[in-house]
Amino acid sequence: EPQCASCHRKIDPIGFGLENFDPIGKWRELEHTVAAKGKRKVKKGAGHKIDTSGAFHGGPAFANYFEMRDLIADREEDFAEGFTEHLIEYALGRPVGFADQDLVTNILTAARPEEFKVNDFIQALVSSPQFRQK
């Protein structure tokens, strides 16, 4: 579907970069086939090698998870801002709008001194009037 493809073009490459992690976060090099009853058929050396290469939408390419991770880390401020906006959307149950820019700035200002620890984002958000008056 064209309407699905427009979003998937942006998000799929990041997912491909994370394919080395199985559903519970365990590292894997091979994708194994699944039996009809839902159990994995794991034979030593069986499966196909996972391709984790991709490119950010309108941005640089990466060959594997480690390169993708480093590209994201090089843009720490951008990542922190995007994380903040999505955290606000989740916590407030609505999209972030222009009127929320002060809240985004306040959360980033609070989280920056401690190198953007997740608990600092959450503490700043739940301490905000926007969250308390939700």
Report task. Given the conditions (1) at pLDDT 95 or above; (2) out of contact with any Asp or Glu (no Cβ under 7 Å at 6 or more places or on another chain); (3) acidic (D, E), report the number of the one that D120 does not fulfil. Result -> (2)
Requested in this report: For D51, state whether it is of a type outside the set (F, W, Y), over 17 Å from the mean Cα position of the chain (by Cα) and assigned to a helix (DSSP H, G or I).
Outcome: no
Query raised in the report: Which pairs do you get when a residue that is in contact (Cβ under 8 Å) with a residue 24 or more places away in the chain, found in segment 106-125, comes within reach of a residue that is of a type in the set (S, T, Y), reach meaning Cβ atoms under 9 angstrom, with the pair 6+ apart or on two chains?
Result: L108/T84; A111/T84; F121/T84; L125/T84
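If we scan segment 83-101, do we find a residue that is among the aliphatic types (A, V, I, L, M), open to solvent by 70 Å² or more (accessible area, probe 1.4 Å) and without any contact (Cβ under 8 Å) to a residue 40 or more places away in the chain? Outline the logic, then answer.
Start the filter on segment 83-101 by keeping residues that are among the aliphatic types (A, V, I, L, M), which leaves 87-88, 91-92, 96, 99.
Filter once more, so that each one left must be open to solvent by 70 Å² or more (accessible area, probe 1.4 Å): 99.
In the following step, the residues that additionally are without any contact (Cβ under 8 Å) to a residue 40 or more places away in the chain were identified as 99.
Yes - at least one qualifying residue is present in segment 83-101.
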Query - Segments classed as helices (runs of 4 or more DSSP H), wholly inside segment 55-123, with at least 3 members that are under 30 Å from E29 (Cβ atoms) - result: 65-73, 76-92
Query raised in the report: If we scan segment 107-114, do we find a residue that is closer than 28 Å to S53 by Cα and loosely packed, with under 15 Cβ neighbours inside 10 Å?
Result: no
Query raised in the report: Out of all the residues in segment 16-75, which are at pLDDT below 85, among the hydrophobic types (A, V, I, L, M, F, W, C) and either under 27 Å from F116 (Cβ atoms) or open to solvent by 50 Å² or more (accessible area, probe 1.4 Å) (or both)?
Result: V34, A36, V42
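The values are calculated or read from the model by the stated rules, or taken from the named source; none is laboratory data. Model, not experiment: these values are computed from the prediction. Here the Cβ is made from the backbone with ideal geometry for all residues, glycine too, and neighbour counts use every protein chain on show. Note: areas computed on protein heavy atoms with side chains; ligands, DNA, RNA excluded. Shrake-Rupley method; radii C 1.70, N 1.55, O 1.52, S 1.80 Å.
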